[in-house]
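Reviewing the structure listed below.
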Amino acid sequence: MNKELGYVRVGALIPELKVSNTVYNSKTIIENIKKMEKEGVNIVVTPELSITGYTCADLFFQDVLLNDALKGLKKIIEETMDSKIISIIGIPLKCDNQLFNVAVVINKGKILGIVPKTYIPNYNEFYEKRWFKTSHSLISKTIKLFGHEVPIGVDLLFRDSSNNDMTFGIEICEDLWSPKTPSTDAALAGATMIFNLSASNEIIGKKEYRKSLISNQSAKSVCAYIYASSGVNESSTDLVFGGYAGIYENGSLLKENERFNFESSYIYEDVDIQRISNNRIKDISYMGVKPDIDYRIIDIDIEGNDKELTRNYDIYPFVPKDNNKREERCKEIITIQACGLAKRLKHTNIKKCVIGVSGGLDSTLAFLVIIDAYKRLGISNDNLIAITMPGFGTTGRTYQNAINLMKSYNVTWKEISIKEASLQHFKDIGISESDRSVTYENTQARERTQILMDIANKEGALVIGTGDLSELALGWCTYNGDHMSMYAVNTSIPKTLVRYLVNYYADVETNEAAKKTIKDILDTPVSPELLPPDSNGNIKQQTESVIGPYILHDFFLYHFLRYGAGPKKIKYIATKTFKGMYSEEIVDKWLNVFIKRFFSQQFKRSCLPDGPKVGTISVSPRGDLRMPSDADNTIWLD
């Protein structure tokens, strides 16, 4: 677990407790803090009033309880003096002749700061205002505890001395449920982590609402949110507490516990502060807005450790994760693609489209998107002019799949060989027919584009591009060949998602002939088919053997563009994510290829045709990627 790469291991502890037994509760907290430190946890939060229990009611008026709570806190401080872990403990505390519900932040035998609760509930089952005062009534800025002056107030942020991005703020239970939650100001002031000490009882439907509340606050504030709520050992006189613990990052749930556990339990996860910070510098809607509070900054020391990263990353970051929502997500993506094209057809008052069909994945998806757009506009499929253009590398398999696909949807289809035209062009520019250079390959790609463009002119149609996001990122396209079109529907669909969408089309297709064809296209190796096949007529030129596996490149692309991750971090998480699939050396090899090609091929992306943005990543030069074509890649490769 590497602090240098932006990770902080955070934890939420739900300790077993006995209501009002401060000795027992403190001992339990100490035992679990030490366990969590061995797990490499940097910061741990406990529930609200964890030393006493939340449900002490009028016992909070008893000096015995309040004084022994302080003794319990002192015991925790002394027993964790040699620990690196930063602990956030809930306790009732007298200050300014009032009683406050506070969070005490301790580390290495010191109290770093104390944050009181702001919004005190006084409704239904919670009459907390009977015992506690709001932070608004706090007068003092410091309080003397155990012989030391300690900062107290809601205006405290805790910031790592070596990394300003590693900053956390605190709010307590009801603070989160209020319209103006303190964590919003804390996030605006730089907090990338919010810790919540809570006591949230369980009633029907509350679990889902609570989770959505935490998730939304984490998303709105672009932060990690770590939540720990009182457990089932609280008093059950009128209420039952479940002890929910959850760790969220930018709206996504990273880890949560099983509730209703009578024994102590804890969870932890590695939150990615670098990712959060990168999201923030790209968010101009509210970051930079001045918070209502002038914060005091408390220096802390978050220490790295040698533990293995627990955080898991998706092998397919572009592909929907929830299979139960597969149909919903696929329909949404296809609808965006199809409606983008439909709008262009309506605007131009054009019904006809021209597309090159190769029998490969990309052209198949673009072809099916056009069919979908036609259905939405009530345009007959025979207005789609689909053209297969066999060349020197075309195999019987892809040729027949292209023919079958076109016939299955009753489009107007043509077959135009590019061989003679390419041979004439070789002769014109003075290269041999046996030449196998990039010129040999690109001649064919440009000849195909010329045919498509000229037929579009002849028919009054639009040429629909088929190239995908992965190819654009790597520059794996022929400049002014397959690189160019009049509208490009796949422009923000990466190769792994192309396959996912085409597979969905195959599964829902009721035409058995079309289904069979699409399934075979899915099983065909990815290839531009610009070099002759082998002696058995099989595809010889396989893209992934030349530029690397698309599953890796899509992973690199996602973390590089979406979160600004550097090569060192990408290699670190890719090696872990693809363990057992690709060795560290293989990851390193193709990551180098990705970086070199991404930088050197920007000139192709600088003049892309229009196309719809579908996901969070696009390389359109008009909005999403404004990058110089001659940027130097040295520091990334180094």
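The values are calculated or read from the model by the stated rules, or taken from the named source; none is laboratory data. Since the model is a prediction, treat every value here as computed from it, not as a measurement. With ideal geometry, Cβ positions are generated from the backbone for all residues, glycine too; neighbour counts draw on all protein chains shown.
Restricting to the range 185-227, count the residues that are assigned to a helix (DSSP H, G or I), without any contact (Cβ under 8 Å) to a residue 60 or more places away in the chain and surrounded by 22 or more Cβ atoms within 10 Å (Cβ to Cβ).
4
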(request) Quick one: count up the residues across the range 107-126 that are closer than 21 Å to Thr22 by Cβ, β-branched (Val, Ile, Thr) and either surrounded by fewer than 22 Cβ atoms within 10 Å (Cβ to Cβ) or more than 35 Å from the chain's Cα centre (by Cα) (or both). (result) 1
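Hey, among Ile302, Ile298, Ile315, which residue is in a loop (DSSP other than H, G, I, E, B), under 30 Å from Asp160 (Cβ atoms) and not acidic (Asp, Glu)?
Ile302
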(request) Tell me which residues, restricted to the range 12-43, are of a type in the set (D, E, K, R), assigned to a loop (DSSP other than H, G, I, E, B) and under 25 Å from Met166 (Cα atoms). (result) Glu39
(message) Take the residues in the range 481-518 that are touching a Lys or Arg at 6+ places or on another chain (Cβ under 6 Å) and touching a residue at least 24 places away in the same chain (Cβ under 8 Å); name whichever of them is nearest to Cys339 (Cα to Cα).
(response) Tyr487
(message) So, restricting to strands (runs of 3 or more DSSP E) that lie completely within the range 338-437, which ones have at least 2 residues that are at pLDDT 95 or above, assigned by TED's automatic domain parsing to the domain that holds Leu501 and of a type in the set (Val, Ile, Thr)?
(response) 353-356, 384-388
(message) So, in the range 355-408, how many residues would count as being on the phi > 0 side of the Ramachandran plot, free of Cβ contacts under 8 Å to residues at least 60 places away in the same chain and surrounded by 17 or more Cβ atoms within 10 Å (Cβ to Cβ)?
(response) 0
(request) Sort out which residues of the range 356-385 are of a type in the set (Gly, Ala, Ser) and under 24 Å from Leu531 (Cβ atoms), and write them in order of number. (result) Gly356, Ser358, Gly359, Gly360, Ser363, Ala366
(request) Enumerate the helices (runs of 4 or more DSSP H) found wholly within the range 558-638, keeping only those where 3 or more residues are over 23 Å from the mean Cα position of the chain (by Cα). (result) 584-600, 602-605, 634-637
